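In what follows, a single structure is set out as structure tokens and then discussed.
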Amino acid sequence: MQMDPLSDALTAILNAEKTGKKSVTVKPASKIIANVLRTVQRAGYLGELEYIENHRGGMFEIQLLGRINKCGVIKPRFPVQKDMFEDEERKYLPARGFGTLVVTTPEGVMTHEDAKEKGIGGRLLAYIY
């Protein structure tokens, strides 16, 4: 029984990266997982992303690039204001300018750098480096 599908998806990706696999299948699929994976893909950590409908919730086939050292979800989903990203970077990322926080905002799911550029806050979903 899955309690947190986003956490399960990121754990599956991290485990496949650590074992040196070239691709991984993540199931079940959901909109939030799709948005987070696309955001991480745009940040350059994942390769090609493909949705496969299997009439059981769907799944994602993800090509791995070998660039992920660690990733995970942030629970609970802490709210963060537009000028407070620096504090959250210190908590979850190993060094300044290294890694990415994934944030859900009123304008959609994006990286913390994009949210800082747009001057909006949101809720923390995940970290990756």
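Odds and ends about this structure:
- The angle between the Cα long axis of helix 31-42 and the longest principal axis of the Cα atoms of the chain comes to about 70 degrees, rounded to the nearest 10.
- Ellipticity estimate at 222 nm from DSSP helix runs (n ≥ 4, -39,500 (n - 2.57)) divided over the chain, nearest 500: -9500 deg cm²/dmol
- Mean Cα-pair separation over length for the chain, i.e. relative contact order, pairs under 8 Å, 6 or more apart, %: 25
- Mean-position separation - Cα centroids, segment 67-83 and segment 104-129, in angstrom: 9
- Loop-located trypsin sites (Lys or Arg not before Pro) in segment 1-101 (DSSP state other than H, G, I, E, B) with a sparse environment of at most 11 neighbouring Cβ atoms within 10 Å: K22, R56, R96.
- With the Kirkwood sum run over all distinct C-alpha pairs, the chain has a hydrodynamic radius of 14.9 Å.
- Just checking the listed ones, L65, L46, L37: in the Gaussian network model of the chain with Cα springs under 10 Å, the one fluctuating most is L65.
- Loop GluC sites (Glu not before Pro), segment 9-77 (other Cβ atoms within 10 Å of the site Cβ: 10 or fewer; DSSP): E53
- Here K27 is the anchor, and the lysines within straight C-alpha reach of less than 27 Å, apart from those fewer than 8 places off in the same chain, are K18, K70, K75.
Any read-out appearing in this document is the output of simple, stated calculations on the displayed coordinates, not a laboratory observation. Since the structure is predicted, the reported quantities are computational estimates derived from the model, not experimental observations. Glycine also receives a Cβ, built like all others from the backbone with ideal geometry; neighbour counts cover every protein chain displayed.
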